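Working notes, beginning with the structure itself.
The values are calculated or read from the model by the stated rules, or taken from the named source; none is laboratory data. All figures in this text were calculated on a predicted structure; none of them were measured in a lab. Every residue, glycine as well, gets a Cβ built from its backbone with ideal geometry; the counts of neighbours run over all protein chains shown. Each accessible area value is taken on the protein alone, full model and side chains, heavy atoms only, with ligands, DNA and RNA left out. Shrake-Rupley method; radii C 1.70, N 1.55, O 1.52, S 1.80 Å.
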Amino acid sequence: MRIGLLGGSFDPPHNGHLHLARIASQALDLDSILFIPCYRQPLKTEAPHASGFHRAAMVALALSGHRRWLLENLELERGEVSYTADTVEALGTRFPGARLVLLVGADALAAFPRWHRFRDILAAADLAVAPRGGVESAPVPRSLPSSRVHLLKGEPLTVSSTLIRQTVAAGRTAGHMTPRCVAAYIRKEGLYRE
Ligand code: ATP
């Protein structure tokens, strides 16, 4: 069994996340993908804007209709800085024999050698990197074992959670950058207005 792991702030989730999942699913023949909202990302200076409750709710909405893409709450439940090494090790124990693949956008590749215990991450999971709009595709850093890194091909999308938050704060709709049900949730709950 091959399981993709897509971690992030999902503040909010958007079409770029779904596009990344689709590209990886097809290229790597994944049986399922776990979407894992972090409690707090180690390399981001700011805490997420929306609560874990709202971010998980929006991920669940974004995944409706995708039977094999699932919300996984273990980082929110741990409730501390979310280290991917802890997450892949916990999931490796939960799914013995499964091949785990960590899915990231191109912006994460150059920084990956700075991730906490990155060698332990690559001992437990492969890394798959998708193109991202506005991000030059960088070579695989020399400190990473290239046999564990998959560079995915696909159309780059420029959407980001930051752009959505800015759009909503400016009083405009984000409906073209995120599934409609997520845009409706943002409106109903009054998220990202400032
Ligand atoms: P923010 O704008 O708040 O920094 P973000 O849009 O980068 O957020 P995250 O939830 O932090 O979203 O990203 C989770 C993962 O999804 C990261 O690996 C990131 O590289 C990847 N990702 C996000 N947007 C895209 C995109 N448009 N194309 C490809 N990958 C993406």
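In the stretch 114-125, of all residues being more than 12 Å from the ligand (Cβ to nearest atom) and in contact (Cβ under 8 Å) with a residue 40 or more places away in the chain, the one that is most open to solvent (accessible area, probe 1.4 Å) corresponds to ARG114.
Residues that are within 8 Å of the ligand (Cβ to nearest atom) and loosely packed, with under 15 Cβ neighbours inside 10 Å were ranked within the stretch 150-162; the one that is farthest from SER137 (Cα to Cα) is THR162. Filtering THR158, THR87 for residues that are touching a strand residue (DSSP E or B) at 6+ places or on another chain (Cβ under 9 Å) and either closer than 15 Å to LEU5 by Cβ or outside any helix (DSSP H, G or I) (or both) leaves a single hit, THR87.
A single member of ALA138, ALA106, ALA111, ALA62 is within 15 Å of the ligand (Cβ to nearest atom), under 18 Å from SER161 (Cβ atoms) and loosely packed, with under 15 Cβ neighbours inside 10 Å, and it is ALA111.
Just one of the numbered conditions (1) open to solvent by 20 Å² or more (accessible area, probe 1.4 Å); (2) outside any helix (DSSP H, G or I); (3) in contact with a Leu (Cβ under 9 Å, 6 or more places away or on another chain) is not true of ALA128: (1). Here the stretch 80-103 is the region considered, the condition is being among the hydroxyl-bearing types (Ser, Thr, Tyr) and within 16 Å of the ligand (Cβ to nearest atom), and the residue that is nearest to ARG148 (Cα to Cα) is THR84.
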